[in-house]
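The values are calculated or read from the model by the stated rules, or taken from the named source; none is laboratory data. As the structure is a computational prediction, the values presented were derived from the model and not from experiment. Every residue, glycine as well, gets a Cβ built from its backbone with ideal geometry; the counts of neighbours run over all protein chains shown. Heads up: the accessible areas ignore ligands, DNA and RNA and are worked out on the full protein's heavy atoms, side chains in. Shrake-Rupley method; radii C 1.70, N 1.55, O 1.52, S 1.80 Å.
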Amino acid sequence: MRTLERRAEAVGISPDVLMENAGLEVAKLIRNQLATTMGANILVLVGKGNNGGDGLVVARRLCSWGGRVTVCLVAARPENDLKLLAVLEQGTQLIHPYQDGRSRDVEKILASCEIVVDAILGTGCSRPVEGAVKTVLGAVSREKTRRPKLRIVSIDLPSGVNPDTGKADPNCLKADITVSLGRPKIGLYKFPGASLAGQIETVDIGLPDNIDSDFNIGLLTPALAGSKLPYRPLSGHKGTFGRLMIVAGSSNYVGAASLAANAAARVGVGLVTLAIPKSLQSSVSPRAAEATYLPLDETVNGSPSPKAAGQILEVLETYDALLVGCGIGMSEDNQSMLNGLLLSGNSLPPTVVDADGLNFLATKENWWQYLTTPTITTPHPGEMSRLTGISTPKIGEDRVSVALNAAKQWDQIVVLKGAFTIIANGHGQASISPFANPALASAGTGDVLAGTIAGLLGQGLNPYEAGQLGVYLHGLAATIVSQELGDSGMLASDLLPALPKATMSLAKFRI
């Protein structure tokens, strides 16, 4: 954001204009979402830097619209501060707890307050929270505990959250809404910052279009995801919309194959073929009635026979995409099949490798050097740890960097799953999903994601686009289901009918 602000100033947009725009947009959001009658008692906490300046603009705007606004200066501001003088001209009440470090005035005002605007630190968080800031934040936190209906709106970030790392000071406020100015800050999508941000809203502050076109990391938005939707001509038939081969399932994970197949069909791929051991077909087919089947020869224990890879390769040239790994298991026979399919120099269509396909790759040194086709890997943190040798906690500390480094080393697409899933490519680009939904923490949702991505890959999207759109549709489908069922009890199969609804909601952005 500092870079973007400098660029904006270079083309004639002053910092003051950006600040006025920012304060106006935050005030409008508060008026529209929280204080529609504009008779609300509002306390604006103002720091000494630009975040405080934004807060003063918010205070002035809300006061002019009828809000009963009190400004709390938690640090001294210059005597000639025009933003502060403009607020004082309106007769707004002003308190200065920084002068004696006491919070009595703050506590008195908080008792009848409906909204608190946190404009203390924002992106300027660089040192421990202490002094008057600590005192005031503590008073607000105690009042929020006493009166949960008190709404806290943070400008850019909750005060005390690092904008780059997401680390949080122990005295940090927990916001109900965080209004990110211009562009969302990456610390809002890393924990613990993400758990303190509440609802994240990003507002336009007047930055020129495409001013960040050379930036490599961005948030997945509805417009970005929708622009990747495959075109659906009226004259299309199932061949038009692609053919997908899925190698999945085992006696222990029968549902994985059907979940992946149904997800691919629900995002519009024309034909799905499931390559599964012959003995599983009678169990899987009732759950995936629309799929076609390639029954694989098997051993006496129900694993694919040594001929299985050859059976798949014999017909694979007629397919547009391949998904491998969902619920396959790690038996020696399965590993032999995967080796013959993925790492033996065969010509393959664009491929998604998931679950035990990834666990198999993790057993092979420099496996990426043997892949002959563009590949999307979809690891969760445990699988990523096995693939990279990095501990799961370390991966959690900086998921974006881990995904980018792996994608560059492997020269493949990495979809690092979890809250705020990361999609990275080998050219240093990454997209961050806006979705973090505990309802997805159930068995089978990863199979649905793999099938979703593979179904889009089969329709001709390039691997990075398929990863971006697949992750977004999966997260949006979960949101749709959660709005009806809540954040627990959702089954992976509940996502399937929601996928077309998610797709339909993005159709207006299709290019």
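Any chance you could count how many residues in the range 19-71 are in a loop (DSSP other than H, G, I, E, B) and on the phi < 0 side of the Ramachandran plot?
Counting residues in the range 19-71 that are in a loop (DSSP other than H, G, I, E, B) and on the phi < 0 side of the Ramachandran plot gives 11.
Scan the range 114-164 for residues that are open to solvent by 10 Å² or more (accessible area, probe 1.4 Å), closer than 17 Å to ALA197 by Cβ and charged (D, E, K, R) and jot them down.
Matches in the range 114-164: LYS144, ARG151, ASP156, ASP164.
Please state which of the following conditions ALA439 fails to meet, knowing it meets all the rest: (1) touching a Lys or Arg at 6+ places or on another chain (Cβ under 7 Å); (2) within 22 Å of THR221 (Cβ to Cβ).
(1)
Can you run down the residue pairs with Cβ atoms below 6 Å, 6 or more apart or on separate chains, where the first is in the range 299-318 and over 13 Å from ILE246 (Cα atoms) and open to solvent by 50 Å² or more (accessible area, probe 1.4 Å) and the partner is part of a loop (DSSP other than H, G, I, E, B) and of a type in the set (Lys, Arg)?
none
Within the range 100-113, restricting attention to residues that are of a type outside the set (D, E, K, R) and more than 11 Å from CYS72 (Cβ to Cβ), which residue is least open to solvent (accessible area, probe 1.4 Å)?
GLY101
Which numbered condition in (1) closer than 19 Å to VAL179 by Cβ; (2) at pLDDT 90 or above; (3) aliphatic (A, V, I, L, M); (4) out of contact with any Cys (no Cβ under 9 Å at 6 or more places or on another chain) is the only one that ALA35 fails?
Just one mismatch for ALA35, condition (2).
Only one residue in PRO208, PRO233 is surrounded by fewer than 19 Cβ atoms within 10 Å (Cβ to Cβ), in contact (Cβ under 8 Å) with a residue 24 or more places away in the chain and in a loop (DSSP other than H, G, I, E, B), so which one is that?
The unique qualifying residue is PRO208.
Condition (residue is open to solvent by 10 Å² or more (accessible area, probe 1.4 Å), over 27 Å from LEU29 (Cα atoms) and of a type in the set (Gly, Ala, Ser)) applied to the range 259-267: is it met by at least one residue?
Yes, there is a match, as at least one residue in the range 259-267 is open to solvent by 10 Å² or more (accessible area, probe 1.4 Å), over 27 Å from LEU29 (Cα atoms) and of a type in the set (Gly, Ala, Ser).
Consider SER482 carefully, then state whether it is of a type in the set (S, T, N, Q) and in a helix (DSSP H, G or I).
yes
Consider the range 324-371. How many of its residues are over 18 Å from VAL415 (Cα atoms), among the acidic types (Asp, Glu) and either part of a helix (DSSP H, G or I) or open to solvent by less than 10 Å² (accessible area, probe 1.4 Å) (or both)?
Final tally of qualifying residues: 2.
Any residue at all in the range 90-98 that's open to solvent by 30 Å² or more (accessible area, probe 1.4 Å), at pLDDT below 90 and assigned to a helix (DSSP H, G or I)?
yes
Report yes if ALA407 is surrounded by 15 or more Cβ atoms within 10 Å (Cβ to Cβ), in contact with a Leu (Cβ under 6 Å, 6 or more places away or on another chain) and not in a loop (DSSP other than H, G, I, E, B), otherwise no.
no
Can you confirm whether GLY444 is open to solvent by 30 Å² or more (accessible area, probe 1.4 Å) and over 21 Å from LEU219 (Cα atoms)?
no
Taking the range 363-419, which residues are among the hydroxyl-bearing types (Ser, Thr, Tyr) and either modelled with pLDDT under 95 or within 25 Å of GLY327 (Cβ to Cβ) (or both)?
Correct list: THR363, TYR370, THR372, THR373, THR375, THR377, THR378, SER385, THR388, THR392.
Only residues that are over 19 Å from PHE435 (Cα atoms) and in contact with a strand residue (DSSP E or B) (Cβ under 8 Å, 6 or more places away or on another chain): list them for the range 380-401, please.
Those that are over 19 Å from PHE435 (Cα atoms) and in contact with a strand residue (DSSP E or B) (Cβ under 8 Å, 6 or more places away or on another chain): MET384, LEU387.
Within the bounds of the range 418-425, is there any residue that is of a type in the set (Gly, Ala, Ser), at positive phi and without any contact (Cβ under 8 Å) to a residue 12 or more places away in the chain?
Scanning the range 418-425 turns up no residue that is of a type in the set (Gly, Ala, Ser), at positive phi and without any contact (Cβ under 8 Å) to a residue 12 or more places away in the chain.
Given LYS149, LYS174, LYS167, which one is more than 18 Å from the chain's Cα centre (by Cα) and under 30 Å from VAL402 (Cβ atoms)?
Within the list LYS149, LYS174, LYS167, the selection yields LYS174.
Pairs needed: first member in the range 58-69, within 10 Å of ALA27 (Cα to Cα) and aromatic (Phe, Trp, Tyr); second member anywhere, open to solvent by less than 70 Å² (accessible area, probe 1.4 Å) and in a loop (DSSP other than H, G, I, E, B); C-beta distance under 6 Å; at least 6 residues apart or different chains.
Correct list of pairs: TRP65/MET38.
Taking the range 155-181 only, how many residues are modelled with pLDDT of 95 or more, closer than 24 Å to ASP212 by Cα and among the small types (Gly, Ala, Ser)?
Within the range 155-181, residues that are modelled with pLDDT of 95 or more, closer than 24 Å to ASP212 by Cα and among the small types (Gly, Ala, Ser) number 1.
Among the residues of the range 379-427, write down those that are among the charged types (D, E, K, R) and under 19 Å from PRO192 (Cα atoms).
LYS394, GLU397, ASP398, ARG399, LYS417
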